[in-house]
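Structure, as C-alpha cells:
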Amino acid sequence: CLVSKENNTGKSTFGKLLKAIFKGNMATIGNADLENDFNGGWADRLVICCEESFIDKKKTIEKIKALSTGDKIQINMKGVDQIEIDFFGKFIFMSNNEDNFLIANEHDERFWVRRVPKAPKEITDLLEQMEGEVEGFLRFLNERNFSTKKDSRMWFAPALLKTDALKKLVEGNKSAAEREIRAYVRNMMLEYGFSELQYTLKFMVEEVLRKRYESNYIERLFNEKIRVKKSLTTTRFKYPVIKGEFIG
C-alpha cells in the first residue's frame, strides 16, 4: 500500500511503470471492481493495482486477505459459468488518504503500508526515462541477491511490516470511543504512574465517557477491540480518580 496526502509523489507513475513492465499481465482497477462479484477483468492477472483506494467494507477486505495468501480463485464473468483457476495475483493499493483508506487492525500481517515522500524535484519525462530502462532493470532484479529471507507466508518477517504508516492506519480505524478510552488509560499510566487500573463498566460509561455511548457497545468494545482482562469474581477495590491536583 502506497499512501501520501501530498501530490507529486510518483504513486501513479509507479503504477504506469508496472504496466510498462507487465503489460497485459497487470490490471488497473477501482474500488467497485473489488466489491463486485464479477472478477473476470483481474482474476487471472499477476499484478492488480487499485488507484485512489478507499475500501470500507469488511467483506471486501476479508476477500483481499484470503486471496493474498490463497492459490485458487473462482473466476466469475457475466453469462459464463464460474470456473476455478490458479491465482498468482499481487495487490497494490494507492491512496491519498493515509488514515483510513482500508480496514486494518494491529494484528494484520498482510498489509505493507509505505508512506511515499514528495519528490525533491519534478521530472516531467520521468516515466519515459524509466520505460527506456525496463530491460536493464529487469536484468538487475533477476540477478540480484535477496537481502531478506522468507520468514512468513507474506515473505517478510511480521515485524518488518509494522511501519509507522500502518500504525497510523490502524489508529485511524479506531472508533471515537476507543480512542477516548485508550487516551484516558494512557494518561493515567504515563502521567500519574499507575501500572494497573481497575474500573467498573459503569464508571467508564458514566464518568469517563459521560454517557455518550451505550453500555453494551462499550462492553463489546472492551471485549473485542481493547481486550482487557475482565474479573470473574466480585472484589473490593478503589479505582483512581483525578480530582484537581490530587489522586483519590
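Exactly one condition in (1) in contact (Cβ under 8 Å) with a residue 12 or more places away in the chain; (2) closer than 21 Å to G15 by Cα; (3) open to solvent by less than 40 Å² (accessible area, probe 1.4 Å) is false for T60; which is it?
(2)
The conditions are (1) over 22 Å from I123 (Cβ atoms); (2) part of a loop (DSSP other than H, G, I, E, B); (3) open to solvent by 10 Å² or more (accessible area, probe 1.4 Å); (4) not hydroxyl-bearing (S, T, Y), and N8 fails exactly one of them. Which is it?
(1)
How many residues does the stretch 182-203 contain that are part of a helix (DSSP H, G or I) and touching a Phe, Trp or Tyr at 6+ places or on another chain (Cβ under 8 Å)?
Within the stretch 182-203, residues that are part of a helix (DSSP H, G or I) and touching a Phe, Trp or Tyr at 6+ places or on another chain (Cβ under 8 Å) number 3.
Looking at the stretch 190-206, which of its residues are closer than 19 Å to S231 by Cβ, free of Cβ contacts under 8 Å to residues at least 12 places away in the same chain and open to solvent by 70 Å² or more (accessible area, probe 1.4 Å)?
S195, E196
Could you count how many residues in the stretch 192-206 are under 20 Å from Y217 (Cβ atoms) and among the polar types (S, T, N, Q)?
Of the residues in that region, 1 qualify.
Could you please find all residues in the stretch 163-187 being more than 18 Å from R227 (Cβ to Cβ) and among the aliphatic types (A, V, I, L, M)?
Once the filter is applied, which keeps residues that are more than 18 Å from R227 (Cβ to Cβ) and among the aliphatic types (A, V, I, L, M), the stretch 163-187 yields A165, L166, L169, A176.
Mind checking which pairs have a first residue in the stretch 65-81 that is closer than 17 Å to D37 by Cβ and a second that is of a type in the set (S, T, N, Q) and open to solvent by 60 Å² or more (accessible area, probe 1.4 Å), Cβ under 7 Å, 6 or more apart or different chains?
Q74/Q82; I75/Q82; N76/Q82
Would you mind telling me which numbered condition in (1) open to solvent by 90 Å² or more (accessible area, probe 1.4 Å); (2) closer than 23 Å to V134 by Cα C50 fails?
Looking at each condition in turn, C50 falls short on (1).
I need the full set of residues from the stretch 100-128 which are in contact with a helix residue (DSSP H, G or I) (Cβ under 9 Å, 6 or more places away or on another chain), in contact (Cβ under 8 Å) with a residue 24 or more places away in the chain and open to solvent by 50 Å² or more (accessible area, probe 1.4 Å), in order please.
N100, I103, N105, E106, E109, R110, W112, R114, R115, L126 - these are the residues of the stretch 100-128 that are in contact with a helix residue (DSSP H, G or I) (Cβ under 9 Å, 6 or more places away or on another chain), in contact (Cβ under 8 Å) with a residue 24 or more places away in the chain and open to solvent by 50 Å² or more (accessible area, probe 1.4 Å).
Answer yes or no as to whether S147 is over 30 Å from A183 (Cα atoms), surrounded by fewer than 15 Cβ atoms within 10 Å (Cβ to Cβ) and in contact (Cβ under 8 Å) with a residue 40 or more places away in the chain.
For S147, the condition - over 30 Å from A183 (Cα atoms), surrounded by fewer than 15 Cβ atoms within 10 Å (Cβ to Cβ) and in contact (Cβ under 8 Å) with a residue 40 or more places away in the chain - is not met.
Between A66, A32, A43, which is open to solvent by less than 10 Å² (accessible area, probe 1.4 Å) and either out of contact with any His (no Cβ under 6 Å at 6 or more places or on another chain) or outside any helix (DSSP H, G or I) (or both)?
Only one candidate passes the filter, namely A43.
Quick grid of which residues meet (1) farther than 21 Å from N105 by Cβ; (2) at pLDDT 90 or above:
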position	(1), (2)
E191	yes, no
Y199	yes, no
E206	yes, yes
L209	yes, yes
K225	no, no
I242	yes, no
F246	yes, no
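So R153 clears everything in (1) open to solvent by 90 Å² or more (accessible area, probe 1.4 Å); (2) without any contact (Cβ under 8 Å) to a residue 40 or more places away in the chain except one condition, right? Which one?
(2)
Need the failing condition index for E84 against (1) surrounded by 14 or more Cβ atoms within 10 Å (Cβ to Cβ); (2) in contact with a Lys or Arg (Cβ under 6 Å, 6 or more places away or on another chain), just the number.
Unmet condition: (1).
The values are calculated or read from the model by the stated rules, or taken from the named source; none is laboratory data. What you see is a predicted model; the values in this text were computed from it and never measured. Backbone-built Cβ (ideal geometry, glycine too); neighbour counts: all protein chains shown. Ligands, DNA and RNA are excluded from the accessible area calculation, which covers all protein heavy atoms including side chains. Shrake-Rupley method; radii C 1.70, N 1.55, O 1.52, S 1.80 Å.
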